[in-house]
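Written below as structure tokens is the structure these notes are about.
Every number in this text was worked out from the coordinates using simple rules, so none of it is lab data. Because the structure is a prediction, the values reported are computed rather than measured. In this analysis, Cβ positions are derived from the backbone assuming ideal geometry, glycine residues included, and neighbour counts consider all displayed protein chains.
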Amino acid sequence: ATQSLTFPSGQKITAAMISVDRSIYTELSKCHGDELPKAFTDAISDTDSKEMFFYQGNADYQLTQSIKSLFDADLTGLEDFVFAESALFEGLGHFIRNYKENQNPDRFRVALNKYDLDCLTHAKTILIGNLSQAPTIPELAKLVGINQQKLKKGFKSVFGKTINQFLIQKRMEAAKILLVQEGNSVRDVSTQVGYANQSHFSSKFREHFGILPKDFIKSVDIGQIRAEMN
């Protein structure tokens, strides 16, 4: 089959073509076919390529970043090829998710330009730098210069998590590091990552890591970790 692609003139275009051995995904399709649109399932099952499958849609930010990482990679060593393979699988995963979401006509898709992406990246930086006193969504929207709806929808689209989910993840990651630092109690760490209520912090920590902060401290070799950190 022949495919013709038309690109606008006067613009720099980066194109990527990835070939997938569909026979590898046949078993996965059998296990998860009910989660995929029928056209996509049929395309995966068509290992002899008898039918044409063509999908044209808007690529999300995470998909484009996965593909971009392949162009930026210096494929000179074994580790580079392993990295490239992982980026290919990541890109394929983003493509499948992107395809599934685009089949839902009722799904709200937020259009993002470079200014919006810069604002979202700035919002992410602000959250990471203010774990103890993170701004509210209205405050964050004003700080970065973007409306609240685009901030919330765009943040989820670009970073794969809601603002609250992202904030909790970064707070828990920071807490894990702080707990092994000398002189920090669970109460101290709770305050440093933005939880005035220690019980609430402990509950969130257990939800994230499956263990209470006090039990985490007992379960690791604090002396060894502190020595490695120094």
Legend entry - Relative contact order, percent, segment 145-217 [alpha-carbon distance under 8 Å, six or more residues apart]: 21 percent
Inset, instruction - Quick one: net charge around MET172, please, counting Lys, Arg +1 and Asp, Glu -1 for every other residue with C-beta under 11 Å from its C-beta. - result: +3
Legend entry - Distance violations [Cα-Cα > 30 Å] among LYS170/LYS218; LYS150/LYS176; LYS38/LYS156; LYS153/LYS214: LYS150/LYS176; LYS153/LYS214
